[in-house]
Amino acid sequence: MATPTPAYGERRQLTVMFSDVVGSTELSATLDPEDWHSILSRYHQTAANIVKRFEGHVQQYLGDGILILFGFPQAHENDAERAVRAGLMFQEEIQKLNEAFQREFSKRIAVRVGIHTGEVMIRQEGGDSGSIFGETPNVAARVQSAADPGSICISAATQKLVAGFFIVEDMGRHILKGIPDPIQLFKVERTSGVRSRLHAAALASLTPFVGREDERNLLMSRWAQVQRGHGQLVMITGEAGIGKSRLLRQFKQDLGGIPHTWIEGESSPYEQDTPFAPTIDLIENAFNWTATTSVEDKIADLERSFSLLGLDTSKIVPLVASLLSVPIPPGRYPPILLSPEQQRLNLLQSLVDWVIVSSKSQPTVLVVEDLHFADPSTLEEFVMLGEQVENSSVMLLFTARPRFIPPWPTRPFHSVINLTRLQQENIREMIGKLLGSLVPAETLQSLADRTDGNPLFAEELSQTMAGARSIAASASQIPSTLQDLLMARLDFLGPRKELAQIGSVLGRAFPHSLLSAIAGQPEEELQNGLDELTASGLVFSDESGDDVIYTFKHALVQEAAYASLLKSRRRELHRATANALNEKFSDVAKQRPELVAHHLTEAGDAEKAIDAWQTAGDFAAARAALVEAGQHYNKALTVLQTLPDTPDRAQLELPLQLSLAHIFTAIKGFGSEEEKVAYLRAREISAQLGESPQFFFILLGLWSTANSRSDMKASEEIQTEMLHIAERNGMTMFLVWAYFTQGLYAYEVGKFFEVGEWVSKLLQNYKTEEHTWSPFDPQVTVRNHAALALWQLGKIDQARKLLAETIEIARPLAPANMAMAHLAACSLIVYLRDPQALHEHAEGMLEIARRESLPSFLAWGNMYQGIAHTLLGDHETGIAEIKQGLTAYLASGTHSSLGQYLSQLAEAQARAGRVDEALATIEDAFGAAPEEEMHFPELHRVRADIRLLQPNPDLGLVEQGYRDAIAASQKYQALTQELRAVTRLGRLLQSCGRAREARDLLAPLYAKFTEGLDTPDLSEAKSLLDELNA
């Protein structure tokens, strides 16, 4: 519960006017004290009368100076305009006073007026009194000092709000005493003649629908397609307040009695990091669940729904119940034995099937508003749904702001409705319907002009003016800014404004139960206040369940209410909300820990917020929502920076940096700068705190960075240290990762026989449950290198078998592992020279990489897809794709095996007949990764192949190239690479009449192979050998 303190106040925008009598000291010295008092009293009274007329407030009389406020205690939609009009009238009345002063005292006075608009803090002190804090009054006083006697000077901030209503003279930028930056000032000459007056009328509860007939007809035409079994996706976009929600409501009315199922939900800015938040909202709305709905009833609803639709309840109910955090009674269903990623994939497809199968009973409209706030997991679900609704009776209806870019590809059954500002005649019609037929035409036109075609402006402006007629008959001015307009609406609520402010802390929509928990008001008083709030039109309620949900009619209304709260009051309310979520709504807190983290952050409870953000990150990572997890960890680190730099802070930071580094490995790429920075920071912290179990994983991360950047010396030093720690510690998890680094390093330095030994040790200590924290399972990655090592050693069938096993092992794991398995397949298949299979695995890798935001795999996927295309004859496309992949690969910070990838580009260029380019590329390959000599057999062989394609090739140089490849192969016992080089050399020798020499080289080498005889390399060698023996 958050109770207002005695010093309760608020923030608001005010227009402040300061007036002062010029030369008052000298003037008073020439007058009798009573005469001077008479002049000042009449001057004060004149000011007070004018200020009252324009509904301002005289805050303070300072001798001959007067401080006047517009926008407090009651805001108006055009307070800046009121202030300037008051200033002009004040100067006119001063001239009339001067005629009397001249007659009575033979004196005249000159008054300077300064006006400035800005934000202030106000502490209410009873009645209309209040203490004002902030620079705005001081700036107004300084602006007054720059005015000529008898004139009005306004700041640029005020001019921006009244532009067009007054004729002004630009006075340029002025340096004012005590104000750090120059301020542009304007002298007000007179009004421009633009005036308006509004006569209010009774308002309908729903804004009149005007000017959207084309869009309305388009929705109905798409609905007709849905009725015929042709599913549709419609995206409605537009700026805030442009009428997206109103169009949806009209469409819902248009469907009327037509048989259909309407399910709606929304995305919230407070839940944009919550996986599947809109989906949860949709499901709960579909079943009309409330806070009092029992677990048993929820399970029964799910079972009944899936059963009626003919779906497998035993598989789907546990998945959906898990998503909704609904506990399944023990023994009711078999346990879910899938990995988190496989659960997520099955859940996505189950949700899609649920919607599509449901539509077979009757057409379904699924509505989600504010999709720009949706989490990545929900967007992935909608991508799947948008792809599969084409042959169903489902209409997907989404709204979003213009900045949102739909993640799904455009299909023929997809439509986009871009709502723009209404035409003037539409706005006039809308305002006329809101305010009635008695509004003068000139007022109606002026209002329409001021709205600038925005329906929100028109609606809120009209309702504000209608409310002013019932509260203050003299309120007739038209607002000039949305901020003033919204503050005016809130002020018209009177004491009930506080409820709107409290609700704004909870978000666009807020449940009665949570509001009650933090408002600190008796239930009857709270309900009365909410009823008045609803009646005002600022919010609407959904009373379909026990826990009524109140929703601000417009997001900007909520934002204005929130902005009016003092920062101290905001912190109190956020803290109360976090406490209420933890203590009274624990299920929500557990399912959406980022909500608690958000409120703790805004409350200023840094340490609790950090813990909550880490919990949210861990929760998202466990669901394979890696992007959201990274966002949560980053928010925790941002909050962490607000704490003093102490050992306690370092202790909090270390696990966050490690968690974030793991995420960066997946979503930024191996060897990325972000990954490296996170691990280096973790090592720095670890050095401060002393060695701990976390130190081993810091070393692992640094090894990964060094290895990805081909820094073999650093890799060897780090992995040696890791092996010593693991063997001394004896923990199986440590041993697995230590053996992992040794196995990869052995492959990368050409010790192919050792790879299998390290893999065997790894598998002896491997336990799946110990490695679920890592986006990449060590078993999958090391098997990739083991398969390649087997191919190098001539054990080709064993390599193929190991690859098949690796793919199956990866399937149930997190998606990054399946991407790794596809990479393993591409790495081996490119040696096996099967372009169709290579293309399929490259496509599989790219699909996962795009969906999961894995940049390294995007790069690899593009490279291998390009190689496949060139092998299939599409040389130009393929070369472009390889180059694109190489560029992205280097951009991610990874350099490992760069020489090999450049050699593959060189081969592609050679196949395309671009021999000179190919030769230049292969020369680059030798210098790209000089420490990775295990690639030299291939590089020497490819260079010799390319030289042979040159016009009039130097055959001696070509022969030496093949012999260099053979020597390098023998150095690393790379039997298959040696066979390739010997076969190429044999062909060259055969063409030169040296067949016996060729046969003597090839025959004993070929005899060493006992498997893989069906592969192109062995087939070509056998064919040549047969020719040589003939």
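Out of segment 872-927, which residues are within 18 Å of SER827 (Cβ to Cβ) and not in a helix (DSSP H, G or I)?
Result: SER892, THR894, HIS895, SER896, SER897.
Is there a residue being in contact with a Pro (Cβ under 7 Å, 6 or more places away or on another chain), of a type outside the set (Lys, Arg), in a helix (DSSP H, G or I) and closer than 30 Å to GLU938 by Cα anywhere in segment 776-792?
No, segment 776-792 contains no residue that is in contact with a Pro (Cβ under 7 Å, 6 or more places away or on another chain), of a type outside the set (Lys, Arg), in a helix (DSSP H, G or I) and closer than 30 Å to GLU938 by Cα.
Is it the case that LEU526 is part of a helix (DSSP H, G or I) and surrounded by fewer than 18 Cβ atoms within 10 Å (Cβ to Cβ)?
Numbers: part of a helix (DSSP H, G or I): yes; surrounded by fewer than 18 Cβ atoms within 10 Å (Cβ to Cβ): yes.
Judged against the criteria, LEU526 is a match.
Taking the options TRP737, TRP758, name whichever one is surrounded by 22 or more Cβ atoms within 10 Å (Cβ to Cβ), under 35 Å from the mean Cα position of the chain (by Cα) and part of a helix (DSSP H, G or I).
TRP737
Can you tell me how many residues in segment 378-437 are loosely packed, with under 15 Cβ neighbours inside 10 Å and touching a Ser or Thr at 6+ places or on another chain (Cβ under 7 Å)?
Going through segment 378-437 one residue at a time, the tally reaches 3.
Given the criterion touching a residue at least 60 places away in the same chain (Cβ under 8 Å) and more than 26 Å from the chain's Cα centre (by Cα), identify the matching residue among GLY529, GLY520.
Criteria check complete, one pass: GLY520.
Looking at segment 969-986, I want the residues that are surrounded by fewer than 22 Cβ atoms within 10 Å (Cβ to Cβ) and have a partner that is outside any helix (DSSP H, G or I) with Cβ atoms under 6 Å, at least 6 apart or on another chain. Which pairs are those?
TYR972/GLY750; LEU975/LEU793; LEU975/GLY794
Which residues, counting only those in segment 818-857, are surrounded by 19 or more Cβ atoms within 10 Å (Cβ to Cβ) and of a type in the set (Ser, Thr, Tyr)?
Within segment 818-857, SER827, TYR831, SER856 meet the criteria.
So that you can scan it fast, the table gives a plain yes or no per residue for (1) farther than 17 Å from PHE70 by Cα; (2) touching a residue at least 24 places away in the same chain (Cβ under 8 Å); (3) within 42 Å of the chain's Cα centre (by Cα):
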residue: ILE132; (1), (2), (3): no, yes, yes
residue: PRO137; (1), (2), (3): no, yes, yes
residue: GLY150; (1), (2), (3): yes, yes, no
residue: ASP170; (1), (2), (3): yes, no, no
residue: ARG173; (1), (2), (3): yes, no, yes
residue: ILE183; (1), (2), (3): yes, yes, yes
residue: LYS187; (1), (2), (3): yes, yes, no
residue: ARG190; (1), (2), (3): yes, yes, no
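From LEU88, LEU40, which residue is in contact (Cβ under 8 Å) with a residue 60 or more places away in the chain, surrounded by 15 or more Cβ atoms within 10 Å (Cβ to Cβ) and not acidic (Asp, Glu)?
On the way: LEU40 fails: in contact (Cβ under 8 Å) with a residue 60 or more places away in the chain.
It is LEU88.
Condition first: over 30 Å from ARG246 (Cα atoms) and of a type in the set (A, V, I, L, M). Can you find one or more residues in segment 529-552 that meet it?
no
Anything in segment 249-275 that is assigned to a helix (DSSP H, G or I) and surrounded by fewer than 20 Cβ atoms within 10 Å (Cβ to Cβ)? List them, or say none.
Passing the criteria: ARG249, GLN250, LYS252, GLN253, ASP254, LEU255, PRO269, TYR270.
Residues checked against (1) more than 12 Å from VAL16 (Cα to Cα); (2) of a type in the set (A, V, I, L, M, F, W, C):
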| residue | (1), (2) |
| --- | --- |
| LYS52 | yes, no |
| PRO73 | yes, no |
| LYS96 | yes, no |
| ALA100 | yes, yes |
| ARG112 | yes, no |
| THR117 | no, no |
| ILE132 | no, yes |
| GLU135 | no, no |
| ASN138 | no, no |
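Give segment 411-469 a look and list any residue that's modelled with pLDDT of 70 or more and basic (Lys, Arg), or say none.
ARG411, ARG421, ARG428, LYS433
The values are calculated or read from the model by the stated rules, or taken from the named source; none is laboratory data. These figures come from a predicted structure and were not determined experimentally. Don't worry about glycine lacking a Cβ; one is built from the backbone with ideal geometry, like all the others, and counts go over all protein chains shown.
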